């Protein structure tokens, strides 16, 4: 569904955002913290009917999450999907209480989420010295 666009300074930007997440206490502040990354996500083109269907199912899953309405209210419709998927993709960097605020992401979006998670983790690992921003499990 989405992929990191890879702007100049991307690894440092990802690491900075991830590091700042631990200071955020609520969904709204988490959404605002992740918004700068959302501006660099792109939706892949949908050349086939099957891909269009998969994109629609992914969007439905995002919009049906318990986090989506509050994220949309906080940052607006234009970036709500991107911020929601980013928060789920980096949820292993969040504190357990922050993950609890997100809830779960229903539907068949786990593959896309895993792909985005791997891209963000790779960018973060490039910019962050080993051991300085441990993931929470």
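The values are calculated or read from the model by the stated rules, or taken from the named source; none is laboratory data. Fair warning: this is a prediction, and the values are worked out from it, not measured in the lab. Ideal geometry is used to build each Cβ from the backbone, glycine not excepted, and the neighbour counts take in all protein chains shown.
The table below lists the values:
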quantity: Filtered residue count, region 37-56, keeping only those that are in a helix (DSSP H, G or I) and surrounded by 14 or more Cβ atoms within 10 Å (Cβ to Cβ); calculated: 4
quantity: Qualifying residues in region 85-110 (those that are touching a residue at least 40 places away in the same chain (Cβ under 8 Å), closer than 20 Å to residue 39 by Cβ and in a helix (DSSP H, G or I)) - the one nearest to the chain's Cα centre (by Cα); calculated: 86
quantity: Residue satisfying all of: in region 111-135; part of a loop (DSSP other than H, G, I, E, B) and either touching a strand residue (DSSP E or B) at 6+ places or on another chain (Cβ under 9 Å) or surrounded by 14 or more Cβ atoms within 10 Å (Cβ to Cβ) (or both); modelled with the lowest pLDDT among these; calculated: 133
